[in-house]
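All of the numbers you see were taken from the coordinates with simple rules; none came from a lab. What you see is a predicted model, and the numbers here were worked out from it, not measured in a lab. Virtual Cβ from ideal backbone geometry, glycine too; neighbours counted across all protein chains shown.
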């Protein structure tokens, strides 16, 4: 890492020390499931004067994904778009508008063909020639297809761009679809969530900057470092699930004591994401739906979020042991322990005994709810 490059970055990060900067890069490596030895490579990529151009297209969505990009502070938004990447086009953040903004995008695409990163936010409506989402007088679907053909990499941010999200919910009158399905044959990284955690996007970009390739993906095109484990495995309320302690109504004793929300419709047992591990918006513990007392909606999982009824109980076919068994008296909203976070992405074998015990405790809890006595 060149000294002059680091000095320029340090000034923009409140004069961070080289030591603390390397700690940050080490933590980023761990969060992506990479060996700690790659931290110097991440540092080199972060401080490099070469910034990859990014074209950010917004379709059928609510702009929540762009809003999530505004929240992280490591790096901050201005550091991200002025030092790490060159955000050449984003309809929400553009300084210019109308023909001026469209011309800036055209010039960037032509000058950086096969070198820029395309980010797609929002679903892509395809019915009736795509007339349900027009940008600059053109169907959004045409703009996405033309831009993707010239991009070096494509990232679909948010559930709408990943698989259609709420726009594609039945009866889907606009024929909304996600970028992976629309751009058949072209690799697309999906970062689902409604909205997704900004750090999952930042980590994906940082991986691309460091290794000049996209991170390892699962079968649905999601980065394994962020979507490799069930929410249920790292949930702060998991010990209560294992012990058979459930909230059965909002505001009941179990709910007030922080018991498991499975019976209220929590989709954590069938939703892959790292929400309980990295939380949201850097405002402290509990900054995610379950931490606030509401069941996981399953927004990162196609066929669950915007498909299953909100309070329908999740499918428990695949039960794994908790990554870390915290004390049952742990504070609500505290998040998982450091040990649990360190196990994100690690393989965990299915324990038949634990699964059987969990099933038995669920059955016992059901008997108690019905007024019967548990054996």
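Some notes on this structure:
- Where labels lie 7 Å past Cα in the beta-carbon direction, separation of residue 248 and residue 186 in nm: 5.3 nm
- Converting the Cα gyration tensor eigenvalues of region 51-227 into ellipsoid dimensions via √(5λ) gives semi-axes, longest first, of 22, 20, 15 Å.
- Taking the number of Cβ atoms within 10 Å of each Cβ as an exposure proxy, the fewest-first ranking of 229, 138 is 138, 229.
- Distance between the 7 Å Cα→Cβ label points at residue 95 and residue 255: 5.0 nm.
- Counting DSSP beta bridges with both ends in region 51-227, the antiparallel % (nearest 5): 25 percent
- Sorted largest first, extent of region 258-304 alpha carbons per principal axis (Å): 30, 23, 12
- Placing a label point 7 Å from the Cα of residue 292 along the Cα-to-Cβ direction, the residues of region 167-196 with a backbone N closer than 13 Å are 194-195.
- For region 118-150 versus region 219-252, the gap between their alpha-carbon centres in whole angstrom: 35 Å
- Put in order of Cβ neighbour count within 10 Å, fewest first, the listed residues 160, 296, 62 become 62, 296, 160.
- Ranked for footprinting exposure by Cβ neighbours inside 10 Å, fewest first, 65, 260 give 260, 65.
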